[in-house]
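Only one structure is covered here, and it is reproduced in the block below.
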């Protein structure tokens, strides 16, 4: 049980470090900021206007229109083209001086022509030097088409008079829409799992640092097993994660987010930290230096995010039992108010225990090998073959 | 007539494992037995069938050039590295079977003290005391005692990253002693230290001598000469020579070396006669002439006066010295 000594001292020295505390507080602050963005997002999505995720093209092009009856100009898309009304002469002056990209001239007798079902001849003057002229041309052509269709419909309606008052339909919303459910349940669950990925550098520093600072030599001369060293260091990081997740959940609860069964959710997040750290320790135990560990960590975390995220997506689409292997699925189900049979929790628990056992076993085996710690380090393929019993060490 | 009943004859023989036989044969006076130890790093052979015994309470010096295998031998003894073949028995226990017990018997000070920079000196000693399993009630008093011993009580609350190399080495020694081990292994403990600090550390090792079994790896011959009971000269993973410093020095011909630097170049003409004349003295063991300096190995100083007379006053300088370990070291490499 020497690992508890290592955990205790690692935690003690980490929490005493000003550098660590600054990073810890910064992380909480960033998470807190994300909460604001998340809140703003939900507020917008719940508003009548909704939110647009496409960038605004407002003011992309300009058009000067001589249209006394405002017959044409009211159908032009104002979000794309800025319309100014002016006499034809003034409009042409604007075009020549570059103040506008195009001029549209709608004949003054256009209303009479409509009444007589005559063709209206709308003229478009374009600045050929402007690369955006095609956008204006398309928009004017579209507007002409819309105008024609509207006038035709209005003429047809006038020939067959009928009650055209539309029926009034009142919409009463119950429950949350699917997009809202995804936002509130899934996003909130993801936010809770975020701290698991913020402390990879800590375990890297703890394990790779032993090699780089050569303190590992002394540690390996201690009457303790490699397993004590690996588990002791890992548990210290799990402890720090547990602290941050607790603070983070506290903030979420205080700011009004609903977390059903918070203790169970907390435990699910923390047990997930164990294999996540296990994967990180493998990377750290094998890496020669921080640089290598950093690269390995990027790949490792992409894989972990995939393993955590894909099962919930499967669950959302077909609610299959296997999708429960990810603790994230269980948290999302808890947030959704699902009635979850107790044995369903054994699925993620079993998965977490299995992955933890494998990752820590590999890490300990790696740390026991003097060639991995002191060099010359064997290649990855050779190591895999040796672990698989397909090659003998040194053979 | 009753037939003689023939009972099957069983020959009872105790089949002992290699290790058990070792235990029976073990010399109680031996603390460390290095047996046929080999270790390679890739294509480089660091240790090549190394054999070495260290007695209880002995201070054994290991000297050798860089890459001789000193650190590898030490790391294997401390169970940090695994040998390719061979074994090390520490107090009769094999490094292949009793790693934890062996580790708890050894206090190891590597070449670089490699301490945790962010720890305070006292906290660092506390941490290692706990890892070594020192009883909780004894940790504080033990640390106080050690800090005093290495003269670091005044810096106990300072962080390691504020210490000079000498101070770190002192904390390193305290760390190696924190569990009061039976064996101490020092790898270049005075390397890179100023003369005063190096002297202090040597004195400290001298104080520990006799009470503990000590292995001292060093590049400094005078250090090995003055501290060690026995010295092993290691090269290319093998022992080239071993013995007490006196024994090793006596292997160099003569108990006394007389160096005579001559002034007059005409002596070159008659040097053959001079060499012959010197070799005629009964106390002279060997004469060597390099440039204008004669190095004469003598059994005793009886003939020194007469030898000097041979040079008829054409002498620039005369000095005598006893052979040193450095001479032994250089001589073994010449051979």
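Tabulated values for the structure
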{"read-out": "Residues located in segment B:192-213, provided they are within 25 Å of residue B:32 (Cα to Cα) and not in a helix (DSSP H, G or I)", "value": "B:209, B:210, B:211, B:212, B:213"}
{"read-out": "Enumeration of residues in segment A:175-194 that are modelled with pLDDT of 90 or more and either more than 15 Å from residue A:257 (Cβ to Cβ) or in contact with a strand residue (DSSP E or B) (Cβ under 7 Å, 6 or more places away or on another chain) (or both)", "value": "none"}
{"read-out": "Qualifying positions in segment A:68-105 - within 18 Å of residue A:150 (Cβ to Cβ) and modelled with pLDDT of 85 or more", "value": "A:83, A:104"}
{"read-out": "Segment B:119-141, subset facing chain A (nearest Cβ under 9 Å) and crowded, with 17+ Cβ neighbours inside 10 Å, residue nearest to residue A:212 (Cα to Cα)", "value": "B:119"}
{"read-out": "Candidates A:227, A:234, filtered to the one that is away from chain B (no Cβ under 11 Å), in a helix (DSSP H, G or I), surrounded by fewer than 19 Cβ atoms within 10 Å (Cβ to Cβ) and touching a residue at least 40 places away in the same chain (Cβ under 8 Å)", "value": "A:227"}
{"read-out": "So residue A:242, is it surrounded by fewer than 19 Cβ atoms within 10 Å (Cβ to Cβ) and over 15 Å from residue A:14 (Cβ atoms)", "value": "no"}
{"read-out": "Some residue of segment B:36-51 being buried (at least 18 other Cβ atoms within 10 Å of the Cβ) and at the interface with chain A (Cβ under 10 Å from one of its Cβ atoms)", "value": "yes"}
{"read-out": "Residue B:166 assigned to a helix (DSSP H, G or I), within 28 Å of residue B:68 (Cβ to Cβ), away from every other protein chain (no Cβ under 14 Å) and modelled with pLDDT under 90", "value": "yes"}
{"read-out": "Filter result for residue B:181 (in contact with a strand residue (DSSP E or B) (Cβ under 9 Å, 6 or more places away or on another chain), modelled with pLDDT under 90 and either assigned to a loop (DSSP other than H, G, I, E, B) or within 20 Å of residue B:105 (Cα to Cα) (or both))", "value": "no"}
{"read-out": "Meets criteria (touching a helix residue (DSSP H, G or I) at 6+ places or on another chain (Cβ under 7 Å), within 14 Å of chain B (Cβ to nearest Cβ) and either part of a helix (DSSP H, G or I) or under 16 Å from residue A:367 (Cα atoms) (or both)) for residue A:202", "value": "yes"}
{"read-out": "Any hit, segment A:330-337, residues being closer than 30 Å to residue A:217 by Cα and more than 22 Å from the chain's Cα centre (by Cα)", "value": "no"}
{"read-out": "Of all residues making up segment A:350-379, the number that are more than 22 Å from residue A:206 (Cβ to Cβ) and either exposed (fewer than 15 other Cβ atoms within 10 Å of the Cβ) or within 14 Å of chain B (Cβ to nearest Cβ) (or both)", "value": "6"}
{"read-out": "Long-range neighbours under 7 Å by Cβ, at least six apart or interchain, first residue modelled with pLDDT of 60 or more within segment A:142-169, second surrounded by 10 or more Cβ atoms within 10 Å (Cβ to Cβ)", "value": "A:143/A:72; A:143/A:75; A:143/A:76; A:144/A:122; A:146/A:75; A:147/A:72; A:147/A:75; A:151/A:114"}
{"read-out": "Restricting segment A:380-394 to residues that are in contact with a helix residue (DSSP H, G or I) (Cβ under 9 Å, 6 or more places away or on another chain) and over 30 Å from residue A:273 (Cβ atoms), the residue that is farthest from the other protein chains (Cβ to nearest Cβ)", "value": "A:390"}
{"read-out": "Of all residues making up segment B:297-320, the number that are surrounded by 14 or more Cβ atoms within 10 Å (Cβ to Cβ) and in contact (Cβ under 8 Å) with a residue 40 or more places away in the chain", "value": "10"}
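For every residue, the table says whether it meets (1) more than 8 Å from every other protein chain (Cβ to nearest Cβ); (2) crowded, with 18+ Cβ neighbours inside 10 Å; (3) in contact (Cβ under 8 Å) with a residue 24 or more places away in the chain.
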position: B:74; (1), (2), (3): yes, yes, yes
position: B:84; (1), (2), (3): no, no, yes
position: B:92; (1), (2), (3): yes, no, yes
position: B:95; (1), (2), (3): yes, yes, no
position: B:101; (1), (2), (3): no, no, no
position: B:112; (1), (2), (3): no, yes, no
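The values are calculated or read from the model by the stated rules, or taken from the named source; none is laboratory data. Note that this is a predicted model, so its numbers are computed, not measured. FYI the Cβ positions are ideal-geometry reconstructions off the backbone, even for glycines, and counts take in every protein chain you see.
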